[in-house]
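To start, the structure under review is shown below, and the notes come after it.
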Amino acid sequence: MKKSVLCLHIFVVMLNFSCGQNIENKVFTPETIPFTSVLYVDELQVPWGFTFLPEGGMLITEKSGKLIHFLSGKKTIIGNIPEIYQRGQGGLLDVELHPKYNENGWIYLTYASPEGDEKGGHTALMRAKIKDNALVEKQLLYKAGPNTTKGQHFGSRIVFDDKGYLYFSIGERGARDVNPQDIKRDGGKIYRLFDDGRIPPDNPFVNEKGAKTAIYSYGHRNPQGLIKHPENGQIWDHEHGPRGGDEINIIKKGANYGWPLVTYGINYSGTTITDKQEMPGMEGPIHYWVPSIAPSGMAFVTSDNYPGWKGSLLVGSLAFQYLERLEIEGTKVIRREKLLEGEGRVRAVEQGPDGLIYVAVEGKGIYKLVPKS
């Protein structure tokens with residue numbers, strides 16, 4: 001490699017790391033941990049998502065293709081799940097309840113699906129009900145295409161907003177120069193549907209010829225966090241960057257989040273992707289991580305169970321194997337904190353109906369964070 005090129009690469013790496021080392025990107029380990037972690041659900045391998053049932057217990061997805069009903073210490077495998085395409089990061093992904101689950105019984109799943117004429121798979125969204133420990137009334141609401149045998153960047157999380165719209169994310173499937181900036185192609189997008197899969201007539205691209213009309217925002221890389229803000233109802237996401245440049249974004253209708261034209265990251269090889277961190281007409285993140293923590297799972301703390309935590313955002317780290325707590329003022333991260341350091345790859349985090357925090361760790365299970373008295 002020529003000396004001038006090597007110097008440029010070193011400069012970009014240093015620039016990226018220095019950009020990440022402002023006050024909101026310094027991470028601390030608290031002197032006093034206000035909880036004891038208790039293994040609540042044991043013997044899980046890759047618990048990709050989980051959600052709490054109003055009658056008690058929870059539904060848990062294992063990436064390998066198991067949907068588990070956990071209640072009173074007992075795991076029951078739910079049958080008749082859809083065919084799962086298992087490759088790389090693909091598998092059975094997120095699970096969420098309809099906001100009116102008590103009335104209609106609908107549950108929603110995202111997963112890597114082989115359905116389609118092409119080899120491989122792509123992310124799908126379905127809804128179903130549970131009867132006699134099996135899925136019934138299954139309805140495929142969205143299937144991205146075309147399939148590909150690539151094993152990366154399926155997304156995918158599910159969330160409902162205050163108006164009952166359903167949002168879900170799909171990663172760009174390793175086709176960064178093709179999918180995320182093209183609204184006529186799936187991948188690298190946040191989608192919005194009615195709860196039954198219909199396209200809302202005010203979606204931003206419904207009048208664009210050839211567009212995927214379910215798209216709500218685009219220019220994403222691999223969003224594995226999607227959540228509703230508890231106070232203002234905004235939809236927030238976080239997504240994996242490449243080497244550096246993981247992001248937290250506030251999702252806006254029709255907005256372009258820039259990947260791969262703008263990023264705070266670089267290629268895994270150390271070469272540059274772009275020299276731009278912002279461009280006119282593209283939404284910038286409210287926070288970014290350099291180096292990447294590989295974020296997965298996301299939850300706001302709304303309870304008073306943990307002193308000083310209310311209003312914080314919790315994010316799992318796959319790369320550094322801890323739970324991160326971010327203190328936020330408005331849309332600005334003012335402090336970061338490491339929790340459960342070294343416990344394992346944190347895949348998902350949720351606040352339960354009891355106001356306690358539950359954390360899914362690969363190879364172990366789901367921990368409950370019990371406040372110290």
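The values are calculated or read from the model by the stated rules, or taken from the named source; none is laboratory data. Remember, predicted model here, so these are calculated numbers, not experimental data. Every residue, glycine among them, receives a Cβ derived from its backbone with ideal geometry; neighbour counts consider all protein chains shown.
Could you list, in sequence order, all residues of segment 186-214 that are part of a loop (DSSP other than H, G, I, E, B) and among the basic types (Lys, Arg)? Give the steps one after another, and end with the answer.
Start the filter on segment 186-214 by keeping residues that are part of a loop (DSSP other than H, G, I, E, B), which leaves 186-188, 194-214.
Across segment 186-214, the qualifying residues are 198, 209, 212.
From the set of residues in segment 320-348 that are under 15 Å from residue 363 (Cα atoms) and basic (Lys, Arg), which is surrounded by the most Cβ atoms within 10 Å (Cβ to Cβ)?
Per the stated criteria, the residue is 347.
With (1) outside any loop (DSSP other than H, G, I, E, B); (2) closer than 19 Å to residue 65 by Cα as the list, and residue 151 as the residue in question, which single condition is left unmet?
Condition not satisfied by residue 151: (1).
Is it the case that segment 275-292 has a residue that's of a type in the set (Ser, Thr, Tyr) and under 19 Å from the mean Cα position of the chain (by Cα)? If you could, list the steps in order and put the result at the bottom.
Restricting attention to segment 275-292, the residues satisfying the condition of being of a type in the set (Ser, Thr, Tyr) are 288, 292.
If we keep only those that are under 19 Å from the mean Cα position of the chain (by Cα) too, we end up with 288, 292.
Within segment 275-292, one or more residues are of a type in the set (Ser, Thr, Tyr) and under 19 Å from the mean Cα position of the chain (by Cα).
Could you say which residue among 150, 143 is surrounded by 16 or more Cβ atoms within 10 Å (Cβ to Cβ), in contact (Cβ under 8 Å) with a residue 24 or more places away in the chain and closer than 15 Å to residue 215 by Cα? Outline the logic, then answer.
Details: 150 fails: closer than 15 Å to residue 215 by Cα.
Within the list 150, 143, the selection yields 143.
Do the conditions hold for residue 137, that is, is it of a type outside the set (Lys, Arg), assigned to a loop (DSSP other than H, G, I, E, B) and more than 22 Å from the chain's Cα centre (by Cα)? Please lay out each step first, then the result.
Details: of a type outside the set (Lys, Arg): yes; assigned to a loop (DSSP other than H, G, I, E, B): no; more than 22 Å from the chain's Cα centre (by Cα): yes.
Considered against the rule, which asks whether it is of a type outside the set (Lys, Arg), assigned to a loop (DSSP other than H, G, I, E, B) and more than 22 Å from the chain's Cα centre (by Cα), residue 137 comes out as no.
Mind checking whether some residue in segment 353-371 is charged (D, E, K, R), surrounded by fewer than 18 Cβ atoms within 10 Å (Cβ to Cβ), outside any loop (DSSP other than H, G, I, E, B) and in contact (Cβ under 8 Å) with a residue 60 or more places away in the chain?
So in segment 353-371, the residues charged (D, E, K, R) come out as 354, 362, 364, 368.
Now drop any that are not surrounded by fewer than 18 Cβ atoms within 10 Å (Cβ to Cβ), which leaves 354, 368.
Filter once more, keeping what is outside any loop (DSSP other than H, G, I, E, B): 368.
With the extra rule that they be in contact (Cβ under 8 Å) with a residue 60 or more places away in the chain, the set shrinks to 368.
Within segment 353-371, one or more residues are charged (D, E, K, R), surrounded by fewer than 18 Cβ atoms within 10 Å (Cβ to Cβ), outside any loop (DSSP other than H, G, I, E, B) and in contact (Cβ under 8 Å) with a residue 60 or more places away in the chain.
Assess whether residue 96 counts as being modelled with pLDDT of 95 or more, under 21 Å from residue 191 (Cα atoms) and either among the charged types (D, E, K, R) or exposed (fewer than 15 other Cβ atoms within 10 Å of the Cβ) (or both). Quick ask: steps written out before the conclusion?
Numbers: modelled with pLDDT of 95 or more: yes; under 21 Å from residue 191 (Cα atoms): yes; either among the charged types (D, E, K, R) or exposed (fewer than 15 other Cβ atoms within 10 Å of the Cβ) (or both): yes.
For residue 96, the condition - modelled with pLDDT of 95 or more, under 21 Å from residue 191 (Cα atoms) and either among the charged types (D, E, K, R) or exposed (fewer than 15 other Cβ atoms within 10 Å of the Cβ) (or both) - is met.
Being over 27 Å from residue 321 (Cβ atoms) and assigned to a loop (DSSP other than H, G, I, E, B), is that true of even one residue in segment 60-69? I'd like the intermediate steps shown before the answer.
Let us first name the residues in segment 60-69 that are over 27 Å from residue 321 (Cβ atoms), namely 69.
Keeping just the survivors that are assigned to a loop (DSSP other than H, G, I, E, B) gives none.
So far as segment 60-69 goes, no, none of its residues is over 27 Å from residue 321 (Cβ atoms) and assigned to a loop (DSSP other than H, G, I, E, B).
So is residue 177 touching a residue at least 60 places away in the same chain (Cβ under 8 Å) and either surrounded by 21 or more Cβ atoms within 10 Å (Cβ to Cβ) or under 20 Å from the mean Cα position of the chain (by Cα) (or both) or not? Spell out the reasoning first.
Working: touching a residue at least 60 places away in the same chain (Cβ under 8 Å): yes; either surrounded by 21 or more Cβ atoms within 10 Å (Cβ to Cβ) or under 20 Å from the mean Cα position of the chain (by Cα) (or both): no.
Against the criterion (touching a residue at least 60 places away in the same chain (Cβ under 8 Å) and either surrounded by 21 or more Cβ atoms within 10 Å (Cβ to Cβ) or under 20 Å from the mean Cα position of the chain (by Cα) (or both)), residue 177 does not qualify.
Just wondering, is there one or more residues in segment 328-341 that are within 26 Å of residue 71 (Cβ to Cβ) and under 14 Å from the mean Cα position of the chain (by Cα)? Let's see the steps before the verdict.
Within segment 328-341, the subset within 26 Å of residue 71 (Cβ to Cβ) is 340.
Subset that is under 14 Å from the mean Cα position of the chain (by Cα): none.
No, every residue in segment 328-341 fails to be within 26 Å of residue 71 (Cβ to Cβ) and under 14 Å from the mean Cα position of the chain (by Cα).
Does residue 78 satisfy the criteria of being over 17 Å from residue 157 (Cα atoms) and either at pLDDT below 95 or buried (at least 16 other Cβ atoms within 10 Å of the Cβ) (or both)? Working first, answer last.
On the way: over 17 Å from residue 157 (Cα atoms): yes; either at pLDDT below 95 or buried (at least 16 other Cβ atoms within 10 Å of the Cβ) (or both): yes.
Answer is yes for this residue.
Any chance segment 11-32 includes a residue that's modelled with pLDDT of 85 or more, under 30 Å from residue 118 (Cα atoms) and assigned to a strand (DSSP E or B)?
no
Looking at (1) in a loop (DSSP other than H, G, I, E, B); (2) more than 24 Å from residue 219 (Cβ to Cβ), which one does residue 146 not meet, given that it meets all the others?
(2)
Please pick out the residue among 288, 306, 264 that is assigned to a strand (DSSP E or B) and either closer than 22 Å to residue 325 by Cα or among the hydrophobic types (A, V, I, L, M, F, W, C) (or both).
None of the others qualify; the one that does is 288.
Of the residues 133, 104, which single one is surrounded by fewer than 16 Cβ atoms within 10 Å (Cβ to Cβ) and either in contact with a strand residue (DSSP E or B) (Cβ under 6 Å, 6 or more places away or on another chain) or aromatic (Phe, Trp, Tyr) (or both)?
On the way: 104 fails: either in contact with a strand residue (DSSP E or B) (Cβ under 6 Å, 6 or more places away or on another chain) or aromatic (Phe, Trp, Tyr) (or both).
That would be 133, the only listed residue that is surrounded by fewer than 16 Cβ atoms within 10 Å (Cβ to Cβ) and either in contact with a strand residue (DSSP E or B) (Cβ under 6 Å, 6 or more places away or on another chain) or aromatic (Phe, Trp, Tyr) (or both).
Take the conditions crowded, with 16+ Cβ neighbours inside 10 Å, of a type in the set (Asp, Glu) and touching a Leu at 6+ places or on another chain (Cβ under 8 Å) and apply them to residue 195. Does it pass?
Details: crowded, with 16+ Cβ neighbours inside 10 Å: yes; of a type in the set (Asp, Glu): yes; touching a Leu at 6+ places or on another chain (Cβ under 8 Å): yes.
Criteria met by residue 195.
Surrounded by fewer than 22 Cβ atoms within 10 Å (Cβ to Cβ), among the aliphatic types (A, V, I, L, M) and touching a residue at least 60 places away in the same chain (Cβ under 8 Å): is that true of residue 190 in this structure?
On the way: surrounded by fewer than 22 Cβ atoms within 10 Å (Cβ to Cβ): no; among the aliphatic types (A, V, I, L, M): yes; touching a residue at least 60 places away in the same chain (Cβ under 8 Å): yes.
Considered against the rule, which asks whether it is surrounded by fewer than 22 Cβ atoms within 10 Å (Cβ to Cβ), among the aliphatic types (A, V, I, L, M) and touching a residue at least 60 places away in the same chain (Cβ under 8 Å), residue 190 comes out as no.
Looking for whichever is assigned to a loop (DSSP other than H, G, I, E, B) and either touching a Gly at 6+ places or on another chain (Cβ under 9 Å) or not small (Gly, Ala, Ser) (or both) here; the options are 177, 94. Which one fits? Working first, answer last.
Values: 94 fails: assigned to a loop (DSSP other than H, G, I, E, B).
Criteria check complete, one pass: 177.
Residue check, residue 252 against (1) in a loop (DSSP other than H, G, I, E, B); (2) within 17 Å of the chain's Cα centre (by Cα); (3) charged (D, E, K, R); (4) under 30 Å from residue 34 (Cβ atoms), all met but one. Which one?
With (1) in a loop (DSSP other than H, G, I, E, B); (2) within 17 Å of the chain's Cα centre (by Cα); (3) charged (D, E, K, R); (4) under 30 Å from residue 34 (Cβ atoms) applied to residue 252, the lone miss is (4).
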